[in-house]
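The values are calculated or read from the model by the stated rules, or taken from the named source; none is laboratory data. Given the structure is predicted, the values throughout are model-derived calculations rather than measurements. So basically every Cβ, Gly included, is an ideal-geometry build from the backbone, and we count neighbours across all protein chains shown.
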2 protein chains.
Amino acid sequence: MKIGILGGTGPAGSGLAVRLAAHGHDVMIGSRSQERAAETVDALHEKWSGRELSLTAGDNAAAGRAELVVVATPWDGASTTARSIADQLDGKVVLCMANALARVGHEFQALIPPRGSVAASVQAAVPDALVVAALHHVPAKELGDLGHPVESDVLVCSDHAEAKRTCMELIAQMADMRPLDAGALTQATPIEAFTAVLLQLNVRYKTRVAPKLTGIKNS
Amino acid sequence: MKIGILGGTGPAGSGLAVRLAAHGHDVMIGSRSQERAAETVDALHEKWSGRELSLTAGDNAAAGRAELVVVATPWDGASTTARSIADQLDGKVVLCMANALARVGHEFQALIPPRGSVAASVQAAVPDALVVAALHHVPAKELGDLGHPVESDVLVCSDHAEAKRTCMELIAQMADMRPLDAGALTQATPIEAFTAVLLQLNVRYKTRVAPKLTGIKNS
């Protein structure tokens, strides 16, 4: 699949880009600055020089022309970026992995953005896109480390059943990640906010946690 | 330890009561109605008649005289109940396991109460108590089923380090539950809200999930 990543130069976006490319997808890393996107792509090609990775660079508008578009910008740029290319996102699956946070001293605090979540803000900004929220809890560094699978359950929510299924299938391709249907886009509020707790645990226990849910059998 | 449970007749409160009693604690189930508390205690004694369980019944004021007090009322009664016995709670560890929810159709929606969480509302209502938030994600039915251990990580947060430690030690006594230090009471907002996601998964997958976090080694 052709996948574009808005704000793909950050740790989460570039981690997802390289992981998706490793699974055979054509991934374009988008950025406000095409130059920075190109630098990120060059660095990833160099880091994983032994692998065939279909990674290209573009500005966010170019990345928005892909079949499936990921929003991996900082949370406060997510809606604005999506709205700026709204025409291209209409009718498309838009996977939003951003979450709103503030760091206050040693504490990560969850912020509640307008409409309750970053994903709901993006959905409101591009009402004809099929917004799906997912991948908030996967540690970015692990995502980008192709030498290891990412052992994590991935909570996926959306108001669009078909788009949710598409994202769940995409996530299921990535080794050891298990997508879970967490319901409607309403659930993006607690899912996004919970990221603050996971970061807090990372600081406290000097680690990088990922959530697993007991009690759900693999089908 | 003498432990009192405010609103202890519900599934979460009575589940915790029987589990704590099974680990040798003296537990009083409190309720607005002492009669209802007595009925719950009788039912638990009958269900677990083969075991020595120190379970007694009282009104919430009586339960509030214990060394450690648990708030297991419905979320919208938590602050009022705590405030009504504020004198007894001063200086004590108050473990708040309530979370605010609405059921809209088939969807569980997290509500954000005043001050961001039920626990922070309770802390504001009884400022001299040492409020700790924990045990939101443990499925009530599993908690009350002494035949099986509860395999779950338990996120614990508080602004009072010593009280947090006390609750973590209490939780660690219960087989297969692992307490994790999730930081300050701010974190009760995403921790409480996340309960809605877990309930949503329970409905979707016809199960009862409990969270585990990979990446934290047991010390």
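Considering only segment B:153-198, state which residues are closer than 30 Å to B:ALA43 by Cα, at pLDDT 95 or above and not aliphatic (A, V, I, L, M). Within segment B:153-198, B:ASP153, B:THR166, B:CYS167, B:GLU169, B:GLN173, B:ARG178, B:PRO179, B:GLU192, B:THR195 meet the criteria.
Please tell me if A:VAL156 is in contact with a Cys (Cβ under 7 Å, 6 or more places away or on another chain) and within 30 Å of B:ASP181 (Cα to Cα).
Judged against the criteria, A:VAL156 is a match.
Scanning segment A:181-219 for residues that are charged (D, E, K, R) and touching a Pro at 6+ places or on another chain (Cβ under 8 Å), we see that the one that is farthest from A:VAL156 (Cα to Cα) is A:ARG208.
Take the residues in segment A:98-132 that are within 11 Å of another protein chain (Cβ to nearest Cβ), part of a strand (DSSP E or B) and in contact (Cβ under 8 Å) with a residue 40 or more places away in the chain; name whichever of them is surrounded by the most Cβ atoms within 10 Å (Cβ to Cβ). Residue satisfying both the conditions and the ranking: A:ALA110. As a summary of the residue check, B:HIS148 satisfies the conditions (1) more than 15 Å from the chain's Cα centre (by Cα); (2) within 25 Å of B:LEU180 (Cα to Cα); (3) in contact (Cβ under 8 Å) with a residue 24 or more places away in the chain except for the one numbered (3).
Answer with yes or no whether B:ALA140 is small (Gly, Ala, Ser), in contact (Cβ under 8 Å) with a residue 24 or more places away in the chain and within 11 Å of another protein chain (Cβ to nearest Cβ). So B:ALA140 fails the test. Screening A:THR189, A:THR166, A:THR195 for residues that are surrounded by fewer than 24 Cβ atoms within 10 Å (Cβ to Cβ), among the hydroxyl-bearing types (Ser, Thr, Tyr), farther than 28 Å from B:ASP176 by Cα and in contact (Cβ under 8 Å) with a residue 24 or more places away in the chain leaves exactly one candidate, A:THR166.
I'd like to check something: does segment B:3-21 contain any residue that is in contact with a Phe, Trp or Tyr (Cβ under 9 Å, 6 or more places away or on another chain) and not small (Gly, Ala, Ser)? Within segment B:3-21, one or more residues are in contact with a Phe, Trp or Tyr (Cβ under 9 Å, 6 or more places away or on another chain) and not small (Gly, Ala, Ser).
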